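S.K.: Here it is, the structure in full.
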Amino acid sequence: MPLIADSKQEALDRHAFFMDEQTLYQRVRHIGAVLGTVFDLDDLDKPIDPAILDKVQITPYSDPRTEIVLKVAREGWTLKEVIHHSVIDYHPASVGTAEDTADFMTEWFNEGACDGFWVLPDVYEVDLKRFVDEVVPILQERGVFHQDYEGDTLREHLGVPYQYGLRK
């Protein structure tokens, strides 16, 4: 679910627009639990104290999103901005520029974490067009997205033989 903008900050601000207050507060508590601390509303607009981040121990039983939380928090973002990076969402999202989105998708693809993506834009009229016009060319240039189709129909693209009626 990429959120694409001209800058990472603009993308974070757009993501904030789509997040209600209750969800934000739930995620404050969740990130606190992941990092082994308790945050309150006064902490939202401050970067997470590096001393808190340095105490976190990754174990086989840790929340798998802990490493992503640590990575983003160590970049110096505020607690609210860390949350807006979608670091604890169950469906990871890229929040940033077209290049950031292409980097995110390329890394997942090259590491074997996926063999494709479902793209679910927040605002179809804006985000889908931006994805097609800005991200797809970068992915094509990197060789992780095709530049043309094999045939003229979906059946041909997928290599599925034509079938009329039921097979017996």
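The values are calculated or read from the model by the stated rules, or taken from the named source; none is laboratory data. Remember, predicted model here, so these are calculated numbers, not experimental data. All Cβ positions, glycine included, derive from the backbone under ideal geometry; neighbour counts span all protein chains shown. Remember, those area values only see protein heavy atoms, side chains included, never the ligands or the DNA or RNA. Shrake-Rupley method; radii C 1.70, N 1.55, O 1.52, S 1.80 Å.
S.K.: On the basis of being surrounded by 10 or more Cβ atoms within 10 Å (Cβ to Cβ), assigned to a loop (DSSP other than H, G, I, E, B) and either touching an Asp or Glu at 6+ places or on another chain (Cβ under 6 Å) or among the basic types (Lys, Arg) (or both), does Pro92 make the cut?
M.R.: no
S.K.: Something else: If we scan the range 22-33, do we find a residue that is out of contact with any Ser or Thr (no Cβ under 8 Å at 6 or more places or on another chain), assigned to a helix (DSSP H, G or I) and open to solvent by 90 Å² or more (accessible area, probe 1.4 Å)?
M.R.: Taking every residue of the range 22-33 in turn, at least one turns out to be out of contact with any Ser or Thr (no Cβ under 8 Å at 6 or more places or on another chain), assigned to a helix (DSSP H, G or I) and open to solvent by 90 Å² or more (accessible area, probe 1.4 Å).
S.K.: Hey, Met105 hits all of (1) closer than 28 Å to Ile138 by Cα; (2) open to solvent by less than 70 Å² (accessible area, probe 1.4 Å); (3) modelled with pLDDT of 90 or more; (4) assigned to a loop (DSSP other than H, G, I, E, B) but one; which does it fall short on?
M.R.: Tallying (1) closer than 28 Å to Ile138 by Cα; (2) open to solvent by less than 70 Å² (accessible area, probe 1.4 Å); (3) modelled with pLDDT of 90 or more; (4) assigned to a loop (DSSP other than H, G, I, E, B), Met105 fails exactly one: (4).
S.K.: If we scan the range 109-132, do we find a residue that is under 16 Å from the mean Cα position of the chain (by Cα) and β-branched (Val, Ile, Thr)?
M.R.: Yes, the range 109-132 contains a residue that is under 16 Å from the mean Cα position of the chain (by Cα) and β-branched (Val, Ile, Thr).
S.K.: Where the second residue is aliphatic (A, V, I, L, M) and open to solvent by 30 Å² or more (accessible area, probe 1.4 Å) and the first is touching a residue at least 24 places away in the same chain (Cβ under 8 Å) and lies in the range 29-48, which pairs have Cβ atoms under 9 Å and are six or more apart or on separate chains?
M.R.: Leu35/Ile52
S.K.: Go through the range 127-156 and report how many residues are at negative phi, out of contact with any helix residue (DSSP H, G or I) (no Cβ under 8 Å at 6 or more places or on another chain) and either open to solvent by 60 Å² or more (accessible area, probe 1.4 Å) or part of a loop (DSSP other than H, G, I, E, B) (or both).
M.R.: Residues in the range 127-156 being at negative phi, out of contact with any helix residue (DSSP H, G or I) (no Cβ under 8 Å at 6 or more places or on another chain) and either open to solvent by 60 Å² or more (accessible area, probe 1.4 Å) or part of a loop (DSSP other than H, G, I, E, B) (or both): 11 in total.
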